[in-house]
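For reference, the structure is listed below as structure tokens.
The values are calculated or read from the model by the stated rules, or taken from the named source; none is laboratory data. Note that the coordinates shown come from a computational prediction; the quantities given were computed from them, not determined experimentally. Cβ coordinates were reconstructed from backbone atoms using ideal geometry, including for glycine residues, and neighbour counts include every protein chain displayed. To get the accessible areas, we keep the full protein, side chains included, count just its heavy atoms, and leave off ligands, DNA and RNA. Shrake-Rupley method; radii C 1.70, N 1.55, O 1.52, S 1.80 Å.
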Amino acid sequence: MAKITIKDVAREAGVSISTVSNALNGVDVLNPETKSHVLKVAERLNYVPNLNGKLLKSGQTKMLGFFTTSVSGPYFYKLVESMSRECDRLGYGLNVFVTKDKHVIMSNILGRRVDGVIIYEELRIDEQDIIAMEKDKIKAVFLDRVYQSDTMGSVIFDSYVAAYEATKYLIGLGHKKIAYISGVDTMFDSVQRRDGYLAALREYQLPIDEDYIIQGYFEEESTYSAIKSFLHLHPGKRPDAFLAGNDLSAIGCMHALKSEGFEVPQDVSVVGFDDIDIAQYFSPPLTTVRNQIARQGILAINQLVGMIKEKEQGAAQKLAGELVVRGSSHVKIDRKDYRTNMFD
């Protein structure tokens, strides 16, 4: 069956193409009877308006784009859900582009398939790409770097300070051998959390051991394997505590420790990042840095829409984390002293 066009609607309704266009777009120049008649004919014919044509006239798609390499895991679920709800509230749709192909990303951004974009780490958007976006006055909000200009901004977590404070908390519990479970080496949050961790070790003059930076890729299974491997390769170097780059890594770490016969937190303390929903229900409940994930999504959409409507310029917004202490962290106890105290 041939696709119904605006010409078909006009012919069936006995009116001009411009009259059909005015009726469909709500232009207030028609009498109510004519408008109602045209809309009924369009509905009966199952006419679908040409959005590209509307785009050419209005210059807007009423769609925003979220560009990322992954949407798996609790963080992305909460982030995308919060962005989608805020888009709906503001009268926009949200397209999610999941790809590692930078050509696809830039062609969609520069081709104005959407009115504005939100960009997450690992997309390899470099300085030249940003210059091209600035030149074309693309409205963008980054979640993977600090950036601010008239048409671009950012909403990030203060991962450096949060990791510094979490490491300082573990040091305060008496832990001196603290390992960090990293995500992907190029990811903004992973690097910032590692740097905050290292800064706390330096401040308290604790030794920095490269073996204690273990890559878990922000994934439960990868972290489980990495920790198991570490414990087998370095039997005499078991850390007192682990600071994990996210909660999934923390959970994978705890599974690995338990599988090797270690108790959390009696033998090893574990701290995560994000405070995903399962964190408080895990056994033991996970001590973690609560990141404002939903707020990050809401702020990103609001800033982007504000720039699209030319009501505000880009801003660099930074969200503080909150350490939530639960059962996976504990004052360091020497097992010999622990056993002696039990019988005192």
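For region 200-344, the calculated P(r), taken from all Cα-Cα distances in 10 Å bins from zero up to the bin holding the longest distance, is 10, 32, 29, 16, 8, 3, 1, 0 percent. Here the Gaussian network model covers the chain, with springs between Cα atoms less than 10 Å apart; of 305, 48, 71, 48 fluctuates the most. The residues of region 197-322 expose, per residue, 44 Å² of accessible area to a 1.4 Å probe. Value of Rg to Rh for region 105-199, rounded to two decimals, is 1.13; Kirkwood radius and Rg both from alpha-carbon coordinates. For the chain, the longest principal axis of the C-alpha atoms and the axis of helix 32-44 are separated by about 60°. The residue among 24, 131, 174 whose Cα reaches farthest toward the positive pole of the charge dipole of the chain, with charges on the beta-carbon of Lys, Arg, Asp and Glu, is 24. Residues considered: 127, 312, 322. Largest GNM mean-square fluctuation over the chain, using C-alpha springs under 10 Å, is found at 127. For volume of the Cα convex hull per residue in Å³, computed directly from the structure shown, the correct entry in (1) 151; (2) 183; (3) 125 is (2). Computed from point charges on the beta carbon alone (+1 for Lys and Arg, -1 for Asp and Glu), the dipole magnitude for region 131-260 about its Cα centre is near 240 Debye. Dipole size of region 127-187 about its Cα centre, with +1 on Lys/Arg Cβ and -1 on Asp/Glu Cβ: approximately 360 debye, rounded to the nearest 20. Summary of packing: across the peptides 95-103, 135-143, the per-residue average of other C-beta atoms within 10 Å ranks them, highest first, as 135-143, 95-103. Using amide H atoms built 1.01 Å from N in the peptide plane, name the residues 5+ places from residue 117, or on other chains, whose amide H lies under 5 Å from its own. Residues meeting the criterion, in which the H sits 1.01 Å from N, are 65, 139, 140, 141.
Remark: for residue pairs 3/102; 258/332; 137/309; 78/135, the C-alpha separation exceeds 24 Å in 3/102; 78/135.
In a reduced charge model with +1 at each Lys and Arg Cβ and -1 at each Asp and Glu Cβ, the chain shows a dipole moment near 940 debye about its Cα centre.
For the options 60, 317, 128, a Gaussian network treatment of the chain with springs between C-alpha atoms closer than 10 Å singles out 128 as fluctuating the most.
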